[in-house]
Amino acid sequence: MAVITERFQAILALVLIALLSFMAEASRHGPVEGDSGVFDVASYGAKADGESDDAMAFVKAWVAACKSSGGSAKLAIPTGTYMTGPVVFQGPCKGSMTVEVQGTIKATTDVSQYSSPEWFSFENIDGLMVNGGGTFDGQGAAVWKYNDCKDSSDCQLLPASIKFTWVKNAVVHEITSLNSKAFHMHVVDCDNFKAHDLTITAPGDSPNTDGMHISRSNHVSISDSQIGTGDDCISIGQGATQVSIQNIVCGPGHGISVGSLGKYKDEKDVSGISVTGCTLKGTTNGVRIKTWPGSPPSQASSIAFEDITMDSVKNPIVIDQNYGSHKSRPSQVKISNVRYTNIKGTSLSPMAVSIVCSSDVPCTGIEMTDIDLQVEGKSSKSDSVSSSCSNAKITFGGKQNPPACDV
């Protein structure tokens with residue numbers, strides 16, 4: 001019996017040594033395949049001191065999580081302040097991925113580190129969730145002075161904070177994007193992409209800080225978010241189809257825009273855009289469609305703006321097919337089947353509705369129903385606001401304040 005007891009104690013000691021060794025190894029190198037499926041960036045060397053570049057630790061943790069075969073994995077970024085240069089989270093992965101950001105991540109302000117024009121890049125992933133209540137701080141105030149896009153249409157934009165490319169079946173929610181250098185979020189070549197409960201913020205005079213720009217993507221939903229920037233709160237670029245924008249509070253900024261379109265050759269058509277239940281506060285524009293003159297041919301169709309509240313908006317309803325230039329050749333982007341329904345509130349300018357379409361390809365199928373806008377600080381009399389329309393076929397229904405255009 002004594003021999004058995006001694007052998008049992010020896011075996012138990014060996015097991016204990018192995019367990020301690022495993023725990024030490026996990027502490028040095030992070031979780032391994034087959035454990036809880038949580039990959040903490042701290043286990044891969046992230047210091048969270050707000051000074052050290054934690055980019056490599058983030059990438060190491062991502063690679064380990066992406067390669068794990070448990071069906072799903074979580075990359076955890078705990079509370080604390082992290083500093084990073086450019087980070088690429090690339091797939092394909094063996095299962096779905098969650099990036100849980102609880103801390104604050106700050107971008108390096110040394111623009112020479114950005115060989116590609118984005119800070120955080122998610123690429124080629126099927127099944128992605130980004131959440132956690134944390135913050136991506138682009139620290140744009142340190143570099144906005146280098147933006148010369150106001151003076152040059154061919155300028156090179158500063159890095160976007162977060163870019164999603166070739167991402168399918170994604171949900172992004174409950175995160176904050178603060179003071180991006182350029183675009184806060186760029187969604188390109190994505191399919192079935194949903195974002196909700198976001199906070200996106202930058203000063204109203206920050207250059208080219210679009211809240212979210214969507215291009216060449218299908219089935220995108222943006223909802224229930226607060227967006228205030230120095231450019232469009234949400235902008236719809238070429239090739240965007242079946243995009244739903246709901247319950248967005250936008251301001252400051254340039255409003256919610258389809259476009260600009262037609263700047264480059266071979267742009268894909270835009271269709272199936274729905275903007276509903278949104279409030280625009282103190283923005284330069286409200287709901288806008290903009291195309292460049294002299295553009296190659298393309299189309300923007302089946303667009304709906306419904307149940308929109310304007311609160312001290314300078315230009316509430318705009319179609320501008322002479323955007324950004326004074327070229328003489330008209331735009332070749334064909335705009336059709338656009339519905340404006342139940343749009344109400346206040347305008348900072350007497351010209352509350354401006355529809356300026358291309359003389360070569362006039363707008364068709366424009367519907368305006370129940371429009372009720374008045375100049376800020378004045379009564380709701382119809383003569384306090386006006387509208388201007390050209391090269392457009394428009395039908396009117398319900399209340400029209402300002403009065404319907406002569407078309």
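The values are calculated or read from the model by the stated rules, or taken from the named source; none is laboratory data. Computed from a predicted model, the values in this text were never measured in an experiment. Every residue, glycine as well, gets a Cβ built from its backbone with ideal geometry; the counts of neighbours run over all protein chains shown. When the accessible area is computed, the model is the full protein with side chains, heavy atoms only, and any ligands, DNA or RNA have been set aside. Shrake-Rupley method; radii C 1.70, N 1.55, O 1.52, S 1.80 Å.
Some notes on this structure:
- With respect to (1) in a strand (DSSP E or B); (2) open to solvent by 30 Å² or more (accessible area, probe 1.4 Å), the lone exception for residue 264 is condition (1).
- Residue match in the range 118-127 (condition: outside any strand (DSSP E or B), farther than 20 Å from residue 37 by Cβ and touching a strand residue (DSSP E or B) at 6+ places or on another chain (Cβ under 7 Å)): no
- Residue within the range 184-201 that is touching a Pro at 6+ places or on another chain (Cβ under 9 Å) and among the small types (Gly, Ala, Ser) present: no
- Criterion violated by residue 295 - all others in (1) in a strand (DSSP E or B); (2) modelled with pLDDT under 95 satisfied: (1)
- Unique match (being open to solvent by less than 10 Å² (accessible area, probe 1.4 Å) and under 14 Å from the mean Cα position of the chain (by Cα)) among 273, 289, 256: 256
- Positions within the range 309-321 being touching a strand residue (DSSP E or B) at 6+ places or on another chain (Cβ under 6 Å) and surrounded by fewer than 24 Cβ atoms within 10 Å (Cβ to Cβ), in sequence order: 309, 311, 312, 315, 318, 320
- Residue within the range 395-404 that is on the phi < 0 side of the Ramachandran plot, modelled with pLDDT under 95 and buried (at least 18 other Cβ atoms within 10 Å of the Cβ) present: no
- For the criterion of being without any contact (Cβ under 8 Å) to a residue 24 or more places away in the chain and open to solvent by less than 40 Å² (accessible area, probe 1.4 Å), residue 57 passes.
- Consider the range 90-120 and keep the residues that are open to solvent by less than 60 Å² (accessible area, probe 1.4 Å) and of a type in the set (Gly, Ala, Ser). The one that is modelled with the lowest pLDDT is 116.
- There is at least one residue in the range 367-383 that is assigned to a strand (DSSP E or B), modelled with pLDDT of 95 or more, touching a strand residue (DSSP E or B) at 6+ places or on another chain (Cβ under 8 Å) and on the phi > 0 side of the Ramachandran plot.
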